Amino acid sequence: MASAATGAAPGKVILFGEHAVVHGRPAVAAAIGRGLGAVAEPDPNGPVLHIPAWGRAGLHVKLHKDHKEFDAIARAFDAALKAAGLDAPPVAITLDGELPPGVGLGSSAAFAVALLRVLGDFRGRPFPEDELLAAAWQVETVFHGTPSGLDHTVVTLGGCLRFQRQDPPRLDRVPLGRAVPLVVAWAPREGNTRELVARLRERREAHPALYDRLFDGIGEVTEAGIGALGEGDLETLGVLFDLNHGYLNACGVSSLANEQMVSLARRHGALGAKLTGAGGGGAVIALTPEDPQRVVDALIGAGFRAFSTTIEG
Ligand code: PMV
């Protein structure tokens, strides 16, 4: 067993197709340059997990064998230990990074993958990719119930991927004609992914024809987006971001904060903007080939959090 093990995983943005992906349409997601890193060190009081960047005083989870009332993070930690075949190992894990939790930037998937990677390193047998994907899925379901699988897949494999929920899921790399410059901004969420997905499912069940038409529209925008990404056609990509956002608004998953961030980004020079992830607040992405700092400043000036990043092929 190694004495100090490490692991890491990036966050992600969904460029096209969130929510519709749950209903069988394709989506495109990409890894971003912010993520989580993990270090594991021997600790006789383990297993313990520290996440100094989350929560006001940092987040600290100690697993007790007889502890029944686990919260989601503790249950996910427990699921990761089980997936690694480790029963109450004497280890302290610190997960750290600049990925805000719970806003749609893949924090739970990055949590799962960074944690599994560090545990794989700690036990002296890194997870092969297929086992890592399967284990990350198990940890993700603790947070999200029945996620489409998009998040942990892109966070594990990196790059830019087209994903379609099938059995097994269909995965294709999306070639990029040029790097995609984005501003990512976020606000606190009003609901969580599980609730937002469930609410949309109920709406769809009440009005299947109407919602299936919206999901088909999102699917078409996603396929057009893959074309624009391949050609490096940022003007068209911006139009498609706006279209995708309009559909998500029609699905009822946008919020006042999402609308404000999207409008501000467009007004300050973004070629297009959309919410990313489940919505209900949380993150938006704006396409900013020129002066991303102007968009970042406008969003921060309005009380939101924001940074610029680039999606590479
Ligand atoms: O949890 P988030 O905000 O990254 O959103 C996940 C994307 C959804 O399509 C809304 C749900 C899913 O499982 O794909």
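So if I check each of G11, G37, which one is outside any loop (DSSP other than H, G, I, E, B), away from the ligand (no atom under 12 Å from the Cβ) and not basic (K, R)? It is G37. Within segment 268-310, the residues that satisfy the criterion of being away from the ligand (no atom under 16 Å from the Cβ), of a type in the set (A, V, I, L, M, F, W, C), farther than 15 Å from T236 by Cα and buried (at least 17 other Cβ atoms within 10 Å of the Cβ) are V295, V296, A298, L299, F304, A306, F307. Across segment 164-187, the number of residues qualifying as modelled with pLDDT of 95 or more and either crowded, with 21+ Cβ neighbours inside 10 Å or in a loop (DSSP other than H, G, I, E, B) (or both) comes to 13.
Considering the conditions (1) crowded, with 24+ Cβ neighbours inside 10 Å; (2) part of a helix (DSSP H, G or I); (3) free of Cβ contacts under 8 Å to residues at least 40 places away in the same chain, A265 is excluded by exactly one of them, (3).
Suppose the filter is buried (at least 19 other Cβ atoms within 10 Å of the Cβ) and either within 12 Å of the ligand (Cβ to nearest atom) or assigned to a loop (DSSP other than H, G, I, E, B) (or both); does R25 pass it? Answer is yes for this residue. For segment 272-308, the set of residues classified as part of a helix (DSSP H, G or I) and in contact (Cβ under 8 Å) with a residue 60 or more places away in the chain consists of P292, V295, V296, L299, listed by residue number. Taken over segment 136-184, the residue count meeting the criterion of being away from the ligand (no atom under 14 Å from the Cβ) and either within 16 Å of the chain's Cα centre (by Cα) or among the hydroxyl-bearing types (S, T, Y) (or both) is 8.
Exactly one residue among R194, R213 is under 16 Å from A278 (Cβ atoms), in a helix (DSSP H, G or I) and either within 16 Å of the ligand (Cβ to nearest atom) or at pLDDT 95 or above (or both), and that residue is R194. Out of curiosity, is R75 touching a helix residue (DSSP H, G or I) at 6+ places or on another chain (Cβ under 9 Å), away from the ligand (no atom under 16 Å from the Cβ) and basic (K, R)? So R75 fits the description; yes. Among the residues that make up segment 217-237, is at least one of them in a helix (DSSP H, G or I), closer than 26 Å to I300 by Cβ and away from the ligand (no atom under 16 Å from the Cβ)? Yes, because at least one residue in segment 217-237 is in a helix (DSSP H, G or I), closer than 26 Å to I300 by Cβ and away from the ligand (no atom under 16 Å from the Cβ).
The values are calculated or read from the model by the stated rules, or taken from the named source; none is laboratory data. As the structure is a prediction and not an experimental result, all values here were calculated from the model. Because the Cβ atoms are built from the backbone with ideal geometry, glycine has one as well, and the counts that use them run over all protein chains shown.
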